Every structure is written in C-alpha cells, then in structure tokens.
Amino acid sequence: MDYDEFDLAIYMDLISQVEIEDLAKIEQQPCVSIYIPTVMAGPETRQNSIRYKNAITEAEEHLEKRGSSDTQVQEILKPARLLIEDYDFWQNQSEGLAVFIAADFLRYYRLPHCFTQSSVVSSRFQLKPLLPWFARDRKFYLLALSQNELKLFLCDRYGIHEVEDLPDEVPQSLAEALRYDDPQKQLQHHSGDGSGSAAVYHGQGVGTTDNKEKIKEYCQKIDSGLQSLFNKESFPLVLAGVEYVVSIYQQANSYAHLLSEGVIGNPENIQHQELHQQALQVIEPRWQAEEQQAIATYQESIQLADTTEKASSQLERIVPAAYNGQVDTLFIAEDWEAWGKFDPQANKVERQTSPQTQDIDLIDFAAVHTFLKGGYIYSMPMEKMPTTDKPIAAIFRYPVAAVTV
C-alpha cells in the first residue's frame, strides 16, 4: 500500500495526550471520525475490513448530506479506502480501531478497547470515545513479586504494559537478594563447583522464618529504588505475590498510594492478562467509590445554587465553562450527541435538533476542553448520570455567576 501521493501523517497502536491535543486543534471542513470494534485473531478477523468498509460508506453518506460533491467525497476518503484491501493490516488489530480523516490527513490507532461502531462527520474530530484512556485516577501500578523475578506494570482499565526501564537501584529478584546476602556465598555462586552449575543453598527457602528479615530488607530496597519513579506520579499501587511476601512488603512500604488489598498468588504462574483482570477486581471498588463521591458532590453542589452556580446540567452553560477552563468534573452519557455551534467570542451556544453544516457535537467539545484544561471526566450509561434526564452535568472549579438559560 503506497501513501506517498498523499501528504499523510499515520500513527498506530498507542495514543498520547499530545496527539489528543493535536487532533483537537484541527478544525477544517469536513473532519471524519470512524470507530469500529475489531477482532485480534481467528476466522472472525475477516469481519474487520467489512465493518470498516461499512463505516466508510456511512461516512460517505454523511458527507453527501452535508453538501460535499461526489468529487470532494472521493478525494477526502481515497487514502482511507486504501486500508480496506490491506490484508496484513486487518490481521494485526487490537480490540478497536479509531480512524481520523480530513483533506490530506489520515491517522489511525489500534487500541485495546471495543468501540461502538460509528462514523461522525463534523468540522472537528470526534474524540470523546478516546478520553477514558486519560481519565485521571484511572491508571495504576501493579508490582509483581516472586522468588525469581520482579516486574512492574503500568495498567489502566483496558490493558497492562510492563515498565521495562526500572531504576538501577531496584533489585531483580527475591532469590537473588537471598542468595547474595553473604558475600562468600555470592563468590561460591559465581564459581560453582567447577562444573558450571549454580550453587544451591540449603535452608534458604524464601518462606522460612529466618529469612523474613532478609525479605523485608529486600522489599525496603525495592521501595527505595522505585521512589524516583513513583515520585513523578500518584497512581495507586497494587501488589501481586504470595500472601506472606505481600504482607512483608506492605510493612516495608513508604509509597502513600499502596492499596491494602493485593493479588494473592505466585505471579510467575499467571499470564499477564489474567494478572491484569485480577488487579482490576482490586482497584474497581476504589474507582466506583470515587465516582459515587463525585456524583454526591455534584448533587450537593446543585442544591446550593442561588446567585452563583457551583454545578449545572445545562449544556448551554457547561460548554462555555469547559472552553474557559472552569469545569472541574464533567459527567457525560455514553453514546449521546448534542449538535450545534459555539461562538467563543460571545460565549454562546446554539443548539440544533440534527447536525447542519459547520455544526459540532457540543458534548464532545465540552469533554475535550475539560480534558485539555485538566478536569476530571466520567463517562457512564445514561441511567447512571447524576441527572438521569440530561446527558451532561458539570461541577465548576469555583462558583460563577448564575445565568438564565
């Protein structure tokens, strides 16, 4: 497949906050956003290109309804259509594909999330399906401790990724720490018996009472070695290991965000994806509690509104507030759209019952600007929204003058 005739920027697999910011800056007519679920392996992978082709056809219909000529439609979608017949591309997918298309512009991301299939045409890209990757407090560390290895993972709701470049001060394994506790044994271990086999030290089982202090020292070294990494973030930390090692590490720990509950069992015997699922069971109650607390804060704030507003469920109020960096926490209903225009000079929103030329999805606009200004975003089913009859709600960073909408 040759893209050289198109001046394209193509990205794959991972998406960063910087790329979200770059995509949010693009405002040209028209912008096409496509999301489809994809299959990673097996005979069902043939459905990947079919879903994508259907999404392209839907995008073509949207472009025509917005007044694009047939020539313009074909020119905009031409590079994106080249992917349809790319067999290798469709055999190497994750759980979802996001594609962004504009004049002389194509970017795609293969991501570990099963998107709801959609094709959206607007004067800007539809980005709110990507924002769960960047929701604050939705990432966590998973530290796997075993006799033979130590591994640190950075996880979110959708995947698990090993942190490979650990600080040099971090020991490599529990067994190594016990084996090398005595310098003479370290020398014996390296020299062996002349046969090339490693020395074995009887009585050095990691579960013995005599070794608990050594294990604690080892855990303290890990804790100290990881501080340079952990000090840059405040993500929760989940431990994985046999019960007594997890207990000892908790005693040695100085990281303020370590969770009291861990994944119990030898992590060497657990596949990474299963380890991730078990860790999610530990962290999910914390996330749910935070979400419920945020909803309670909204409901309390909305009751206090008088001449000033601390919260709102009015789209016309929230969109300007998000654009101006006033939204601390935003709640949006999954798969809901609200079309219209926003005039930043007048701070005014104009709603439409159906998308017109130059219209944008105002919920998406509010979500992206809340994210770019450092706010929290909760995306949830409509029935779980703080106000179950409105697809958007917000808590403001500070009380602002109430307005009549």
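The values are calculated or read from the model by the stated rules, or taken from the named source; none is laboratory data. What you see is a predicted model; the values in this text were computed from it and never measured. All Cβ positions, even for glycine, are placed from backbone atoms using ideal geometry, and neighbour counts span all protein chains on display. What goes into the accessible areas is simple: the full protein's heavy atoms, side chains included, and nothing from ligands, DNA or RNA. Shrake-Rupley method; radii C 1.70, N 1.55, O 1.52, S 1.80 Å.
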Given the structure, is Val200 closer than 28 Å to Tyr244 by Cα, at pLDDT 70 or above and part of a loop (DSSP other than H, G, I, E, B)?
no
Any residue at all in segment 238-256 that is in contact (Cβ under 8 Å) with a residue 60 or more places away in the chain and open to solvent by 60 Å² or more (accessible area, probe 1.4 Å)?
no
Quick one: would you say Arg124 is open to solvent by 10 Å² or more (accessible area, probe 1.4 Å), over 29 Å from Gln271 (Cβ atoms) and touching a residue at least 60 places away in the same chain (Cβ under 8 Å)?
yes
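State all residues of segment 44-67 that are assigned to a helix (DSSP H, G or I) and over 21 Å from Thr116 (Cα atoms); if no residue qualifies, say none.
Passing the criteria: Glu64, Lys65.
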List the strands (runs of 3 or more DSSP E) inside segment 287-391, counting only whole elements, that have at least 3 residues being modelled with pLDDT of 90 or more and open to solvent by 60 Å² or more (accessible area, probe 1.4 Å).
348-351
Can you confirm whether Ile363 is farther than 15 Å from Lys390 by Cα, of a type in the set (Val, Ile, Thr), in contact (Cβ under 8 Å) with a residue 60 or more places away in the chain and out of contact with any Cys (no Cβ under 8 Å at 6 or more places or on another chain)?
no
Of the residues Phe100, Phe105, which single one is touching a Phe, Trp or Tyr at 6+ places or on another chain (Cβ under 6 Å), within 26 Å of Thr357 (Cα to Cα) and of a type in the set (Phe, Trp, Tyr)?
Phe100
Hits in segment 104-114 - residues which are closer than 20 Å to Glu60 by Cβ and either modelled with pLDDT under 90 or among the charged types (D, E, K, R) (or both)
Asp104, Arg107
Return the residue satisfying two criteria in turn: it lies in segment 47-93 and is among the basic types (Lys, Arg) and over 21 Å from Asp359 (Cα atoms), and of such residues it is nearest to the chain's Cα centre (by Cα).
Arg51
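Within segment 287-301, track down each residue that is more than 22 Å from the chain's Cα centre (by Cα) and touching a residue at least 24 places away in the same chain (Cβ under 8 Å).
So in segment 287-301, the residues more than 22 Å from the chain's Cα centre (by Cα) come out as 296-301.
Within segment 287-301, Thr297, Tyr298, Gln299, Ser301 qualify.
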Candidate set: segment 111-121, residues that are touching a strand residue (DSSP E or B) at 6+ places or on another chain (Cβ under 6 Å) and touching a residue at least 60 places away in the same chain (Cβ under 8 Å); chosen: the one surrounded by the most Cβ atoms within 10 Å (Cβ to Cβ):
Val121
Which residue out of Glu44, Glu64, Glu60, Glu75 is out of contact with any Asp or Glu (no Cβ under 6 Å at 6 or more places or on another chain), touching a residue at least 24 places away in the same chain (Cβ under 8 Å) and not small (Gly, Ala, Ser)?
Glu75
Flag for Thr38 being more than 30 Å from Gln358 (Cα to Cα), crowded, with 19+ Cβ neighbours inside 10 Å and touching a residue at least 40 places away in the same chain (Cβ under 8 Å)
yes
Counted residues in segment 68-103 being at pLDDT below 90, of a type in the set (S, T, N, Q) and either assigned to a strand (DSSP E or B) or open to solvent by 70 Å² or more (accessible area, probe 1.4 Å) (or both) come to 1
Within segment 260-286, take every residue that is without any contact (Cβ under 8 Å) to a residue 40 or more places away in the chain and not in a helix (DSSP H, G or I) and give me the one that is most open to solvent (accessible area, probe 1.4 Å).
Gln271
Exactly one of Val245, Val206, Val282 is out of contact with any Pro (no Cβ under 7 Å at 6 or more places or on another chain), among the hydrophobic types (A, V, I, L, M, F, W, C) and modelled with pLDDT under 90, and that residue is Val206
Which is more than 30 Å from Asp359 (Cβ to Cβ) and out of contact with any Pro (no Cβ under 6 Å at 6 or more places or on another chain), of Gly262, Gly325, Gly340?
Gly262
Of the residues in segment 135-153 that are at pLDDT below 90 and under 11 Å from the mean Cα position of the chain (by Cα), the one that is most open to solvent (accessible area, probe 1.4 Å) is Arg136
